[in-house]
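Remarks on the structure that follows.
The values are calculated or read from the model by the stated rules, or taken from the named source; none is laboratory data. These numbers were taken from a predicted model, which means no experiment stands behind them. Positions of Cβ are generated from backbone atoms using ideal geometry, with glycine treated the same way; all protein chains shown enter the neighbour counts. The protein model used for the area step is the full one, side chains on, heavy atoms only, and it has no ligands, DNA or RNA in it. Shrake-Rupley method; radii C 1.70, N 1.55, O 1.52, S 1.80 Å.
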Amino acid sequence: MKPLTVMAQPLGRPSPAVRRTLVLAAVAALSMGLAVAEIPSANATADAPGTTLGAAAARSGRYFGTAINASKLGDPAYTTIAGREFDMVTPENEMKLDATEPRQGQFVFTAADRIVDWAAENGKRVRGHTLVWHSGQPQWLQSLSGSALRQAMVDHINGVMGHYKGRIYAWDVVDEAFADGTGGRRNSNFQRTGDDWIEVAFRVARAADPDARLCYNDYNIENWTWAKTQSVYSMVMDFKQRGVPIDCVGFQSHFNSGNPYDAGFRTTLQKFAALGVDVQITELDIQGAPAATYAAVVGDCLAVPRCAGITVWGVRDPDSWRSSDTPLLFDGNGDKKAAYTAVLDTLNAAVPSPSPSPSPSPSSSPVQSPAGSCAATLSAGAKWPDRYNLGVTVTGSDDWVVTMTLPYPEKIIATWNVSATWNPARNVLTARPNGHGNSWGVTIKHHGNRTWPTVSCRAA
């Protein structure tokens with residue numbers, strides 16, 4: 001968790017009334033050492049097309065991410081593209097079993113920390129990949145079986161998730177547990193500990209970090225008619241019916257001549273989303289990077305409200321695990337390919353913020369979320385094309401902690417009259433009094449989603 005900071009970039013000349021408000025707010029804010037958010041020009045438009053993949057995806061409340069390799073973070077051409085284009089990152093190999101626990105009980109996070117820290121420094125969220133997998137296992141784990149292996153799995157989940165608690169948006173808890181062809185469970189060492197091992201992994205993960213989204217991730221489950229797809233679907237449906245914690249399903253989407261894109265992918269996404277889970281395209285690459293196919297995949301995600309976002313599996317073609325297939329959006333020189341333009345145009349063509357808004361909009365009456373012996377009430381403040389202000393009033397206590405949770409992709413960019421910290425992985429603001437009473441405020445950049453945050457209050 002880090003203190004809230006704001007980068008100020010004046011975008012235009014506001015009206016006289018807004019200038020007077022800005023001056024007064026700036027004086028008050030500077031007296032408290034707070035940064036002041038920029039005020040956009042009157043010509044700004046909230047629905048302007050995004051000029052990068054992340055910005056274009058955010059218009060419809062989604063993310064667009066990439067896999068990051070820690071060894072390439074010293075390459076300025078690599079980090080320039082990654083930093084500019086993507087708003088979500090997934091460590092390519094650095095969080096896998098052999099990388100994080102090379103010896104039993106001895107965790108190593110150096111490479112993974114480098115990616116997570118880079119993401120935080122550059123304002124990006126992180127998908128954790130992956131906690132439990134039949135492959136990429138250290139030798140000591142391969143030698144275990146039965147209850148010893150089951151306990152080692154539990155300890156590994158707790159160790160890794162405990163280290164990153166509060167910093168990871170979503171975890172691929174279990175990866176590739178089903179076999180191709182028949183759709184039965186893969187004959188892995190974890191499977192041989194008992195058929196409930198996936199359920200146990202998800203329950204342990206929920207306890208380890210209750211705020212992280214928990215995903216099952218697999219390949220060759222994009223086609224609805226395949227046996228493997230049906231087996232994963234049946235598992236997710238069973239988990240939802242029995243209350244096993246699962247929040248999302250990841251579709252790797254490595255499309256090539258042996259596993260071509262199928263127009264029924266959208267149906268598959270819709271079927272899984274109807275179970276009450278988010279769907280995510282987690283490792284997208286397409287042999288030859290055909291523009292039309294990339295656009296079709298992105299269109300499939302955009303057509304499903306619960307498709308949270310898309311991750312391409314690498315930055316440039318040479319960074320791909322299948323580099324000879326030239327499957328990504330940037331070539332070896334870092335230049336944008338035709339597929340890039342097709343993806344950007346498809347993202348920008350989406351209707352901004354199609355998801356429902358469960359909380360009141362800024363024109364509605366205040367929201368009150370009591371918890372414990374105090375309550376926090378929201379009230380509408382000034383608004384501009386790309387952001388709005390909310391006032392917060394706390395009653396019932398003078399010593400309080402307010403938690404404010406924002407729907408993605410909204411972000412808090414300024415606060416006043418309060419001591420606040422912002423957790424970007426969880427999209428949560430934690431606020432405490434700083435001697436200026438019980439009334440304070442926030443400025444929220446909505447990125448097309450104008451849903452108010454939820455708030456709760458507890459007496460400190």
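A few points about this structure:
- Selection count, the range 205-223, where residues are within 18 Å of Thr405 (Cβ to Cβ) and open to solvent by 10 Å² or more (accessible area, probe 1.4 Å): 4
- The residues of the range 278-300 that are part of a strand (DSSP E or B) and more than 12 Å from Glu222 (Cβ to Cβ), listed by number, are Asp278, Gln280, Asp285.
- In the range 298-348, residue farthest from Thr90 (Cα to Cα) [restricted to those that are under 22 Å from the mean Cα position of the chain (by Cα) and among the small types (Gly, Ala, Ser)]: Ala303
- Unmet requirement for Trp118, which otherwise passes all of (1) among the aromatic types (Phe, Trp, Tyr); (2) within 14 Å of the chain's Cα centre (by Cα); (3) open to solvent by 20 Å² or more (accessible area, probe 1.4 Å): (2)
- For the range 236-267, a tally of residues being within 29 Å of Ser324 (Cα to Cα) and under 24 Å from the mean Cα position of the chain (by Cα) returns 9.
- Residue count, the range 51-62 (criterion: open to solvent by 30 Å² or more (accessible area, probe 1.4 Å) and assigned to a loop (DSSP other than H, G, I, E, B)): 1
- Which numbered condition Val418 fails, given (1) surrounded by fewer than 21 Cβ atoms within 10 Å (Cβ to Cβ); (2) over 15 Å from Trp452 (Cα atoms); (3) not small (Gly, Ala, Ser): (1)
- Residue in the range 243-258 that is among the polar types (S, T, N, Q), over 24 Å from Trp197 (Cα atoms), modelled with pLDDT of 95 or more and in a strand (DSSP E or B) present: yes
- From the list Ala152, Ala148, Ala99, the one residue that fits, being within 19 Å of Val204 (Cβ to Cβ) and free of Cβ contacts under 8 Å to residues at least 40 places away in the same chain, is Ala148.
- Count of residues meeting criterion [open to solvent by 20 Å² or more (accessible area, probe 1.4 Å) and touching a strand residue (DSSP E or B) at 6+ places or on another chain (Cβ under 7 Å)] in the range 63-91: 1
- A single member of Pro362, Pro358 is at pLDDT below 50 and either out of contact with any Phe, Trp or Tyr (no Cβ under 8 Å at 6 or more places or on another chain) or among the aliphatic types (A, V, I, L, M) (or both), and it is Pro358.
- Residue within the range 186-194 that is farther than 17 Å from Ala99 by Cα, assigned to a helix (DSSP H, G or I) and not basic (Lys, Arg) present: yes
- Of all residues in the range 121-153, those being open to solvent by 30 Å² or more (accessible area, probe 1.4 Å) and either more than 22 Å from the chain's Cα centre (by Cα) or hydroxyl-bearing (Ser, Thr, Tyr) (or both) number 13.
- Within the range 431-453, the residues that satisfy the criterion of being modelled with pLDDT of 85 or more and under 30 Å from Gly50 (Cα atoms) are Gly441, Val442, Thr443, Ile444, Lys445, Trp452, Pro453.
- Residue in the range 429-446 that is open to solvent by less than 10 Å² (accessible area, probe 1.4 Å), touching a Gly at 6+ places or on another chain (Cβ under 9 Å) and more than 13 Å from Leu390 (Cβ to Cβ) present: no
- Just one of the listed residues (Arg125, Arg103) is among the basic types (Lys, Arg) and more than 19 Å from Arg167 (Cα to Cα), namely Arg103.
- Matching residues, the range 224-235, being in contact (Cβ under 8 Å) with a residue 12 or more places away in the chain, open to solvent by 20 Å² or more (accessible area, probe 1.4 Å) and more than 24 Å from the chain's Cα centre (by Cα): Trp224, Thr225, Trp226, Ala227, Gln230, Ser231
- Residue within the range 384-394 that is open to solvent by 10 Å² or more (accessible area, probe 1.4 Å), in a loop (DSSP other than H, G, I, E, B) and closer than 28 Å to Arg125 by Cα present: yes
- Subset of the range 92-109 [of a type in the set (Asp, Glu) and either in a helix (DSSP H, G or I) or touching a strand residue (DSSP E or B) at 6+ places or on another chain (Cβ under 8 Å) (or both)]: Glu92, Asp98
- Residue tally, condition among the aliphatic types (A, V, I, L, M) and within 19 Å of Gly309 (Cα to Cα), over the range 183-236: 3
- For the range 66-115, the tally of residues that are of a type in the set (Val, Ile, Thr) and either at pLDDT below 95 or touching an Asp or Glu at 6+ places or on another chain (Cβ under 7 Å) (or both) stands at 2.
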